[in-house]
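Participant: Got a structure for you, questions after.
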Amino acid sequence: MRELRAAVVGAGRLGSLHAAKYAALPGVKLTHVVDIDATRAAQLGSQYGAASATDYRALDHKVEVVTIASPGVTHFEIASHLLRAGCDVLLEKPMAANVGDARALTALAESSDLILQIGHLERFNPVVNHLRSILTAPRFVECHRLAPFTERGTDVDVVLDLMVHDLDVLMSLTGADATSVEALGVAVLTDQIDVANARIRFSNGMIANLNVSRVAPRRERKIRFFQPDAYISVDYEARRIQIYRKSPAPAGTAFPIISAEQIDLGEADPLADEVASFVASVRNRTVPAVTARDGLRVIELIERIRISMEQP
């Protein structure tokens, strides 16, 4: 098996995690780490015997696969350059800071023989995979994705930072497109939207109510589905699914019985699975698990959410 040379652009928390996953994969060698902070790049690179640089263009013709985990506003510039340089790219979310850049990246990826996988990590969460066998025709969905404030991710608004996850989950699970959007957002600690709500009607009749905040007192990652035969509550972080179903009323009683089931999916490493999936796509030249077109659909919906927020 030919050894693949890998690089990570962005040596922050997420980039450091990607570096560790590459270093642990058989047949992959982490050879370069790039960050505009030379000290940070050198420190991460030294952990894995990788060279460091402050300019992503230093990767040209030196690596085959690259994770881009830099701030979201830089994703288009870096990804477009590295794709043109012949690299296969795992691009962390958000795919781009605006819909024009996302469309340009999609066109670039689809016109080449290169892999561009978008880093929608929840796709690799075992609870999301298990949901595919449970969901039938959800009518209403309630999403809560809350986090205490940190400076990480504040180069973009909370919709691109947090809501992006649940939007991708909903569209990937149902295959439906949004038909109407109502949204509002508030800037609290930054000069961008920090708290947001969106109510979205989809082409299959489903309505989703999404709530996100990056200035919350506690962390929460939950999604709840209501469908004719069940109520399904999912805790992304605990990797737990609770299912409540209605059984026919026993003879002589007026009301049905509610039965409950809890599914604990245990320990998992979604990021390791994501990186391994990307590398497998590169080796086999197969369509990645999350395509550029998938990422574009999310960014296009986010654009509609932003437009709704601007309306009086």
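Each value in this text was obtained by applying a stated rule to the coordinates, not by laboratory testing. The shown structure was predicted, so the numbers you read here are calculated from the model rather than taken from an experiment. Here Cβ is always computed from backbone atoms with ideal geometry, including for glycine, and neighbour counts include all displayed protein chains.
Participant: Can you tell me which of H81, H120, H32 moves the most in a GNM of the chain? Springs connect C-alpha atoms under 10 Å apart.
Facilitator: Comparing H81, H120, H32 in the GNM, the peak value goes to H81.
Participant: Search the structure for amide H atoms under 5 Å from the amide H of L30, placed 1.01 Å from N in the peptide plane, and list their residues when 5 or more places away or on another chain.
Facilitator: Those lying under 5 Å, H to H, from L30 are A6.
Participant: By how many degrees, between 0 and 90 and to the nearest 10, does the Cα long axis of helix 13-24 differ from the longest principal axis of the chain?
Facilitator: 70
Participant: Using helices alone, what [θ] at 222 nm do you get for the chain, with -39,500 (n - 2.57) per DSSP H run of 4 or more residues, divided over all residues and rounded to the nearest 500? If you can, show how the numbers build up before the last one.
Facilitator: On the way: 8 runs with 95 residues, N = 312.
That calculation yields -9500 deg cm²/dmol at 222 nm.
Participant: Next question, about the same structure. Could you rank the peptides 257-269, 161-173 by their average count of other C-beta atoms within 10 Å per residue, with the highest value first?
Facilitator: On the way: 257-269: 11.1, 161-173: 22.9.
The densest-packed peptide leads the list: 161-173, 257-269.
Participant: Related question: Per-residue HN-Hα couplings for the range 124-138, Karplus 6.51 cos²θ - 1.76 cosθ + 1.60 at θ = phi - 60°, whole Hz, x for Gly and Pro?
Facilitator: For the range 124-138, the Karplus curve yields 9, 6, x, 5, 5, 4, 5, 4, 4, 8, 10, 5, 10, 9, x Hz.
Participant: Also: Using only alpha carbon pairs under 8 Å that are at least six residues apart, calculate the relative contact order of the chain and give it in whole percent.
Facilitator: Details: 642 pairs, mean separation 53.3, N = 312.
It comes to 17 percent, rounded to a whole number.
Participant: Compute the angle between helix 75-84 and the longest alpha-carbon principal axis of the chain, please, reported from 0 to 90 degrees and rounded to the nearest 10.
Facilitator: 60
Participant: OK, next. Collect residues whose amide H, placed 1.01 Å from N in the peptide plane, falls under 5 Å from the amide H of A187; neighbours closer than 5 in sequence don't count.
Facilitator: D194
Participant: Continuing with the same structure: May I have the convex hull volume per residue, in Å³, for the Cα set of the chain? Mind showing how you got there, number by number?
Facilitator: Details: hull volume 47.1 nm³, N = 312.
With only Cα atoms used, the chain gives 151 Å³ per residue.
Participant: Report, to the nearest 10°, how far helix 38-47 tilts away from the longest principal axis of the Cα atoms in the chain, using its own Cα long axis and a range of 0 to 90°.
Facilitator: Approximately 80 degrees, to the nearest 10.
Participant: Let me check the size of the range 126-230 from its C-alpha atoms; what are the radius of gyration and Dmax in Å?
Facilitator: 14.2, 44
Participant: Taking the mean number of other Cβ atoms within 10 Å as a proxy for protection, how do you rank 16-27, 182-193 from highest to lowest? If you can, show how the numbers build up before the last one.
Facilitator: Working: 16-27: 17.8, 182-193: 15.9.
The most tightly packed comes first, giving 16-27, 182-193.
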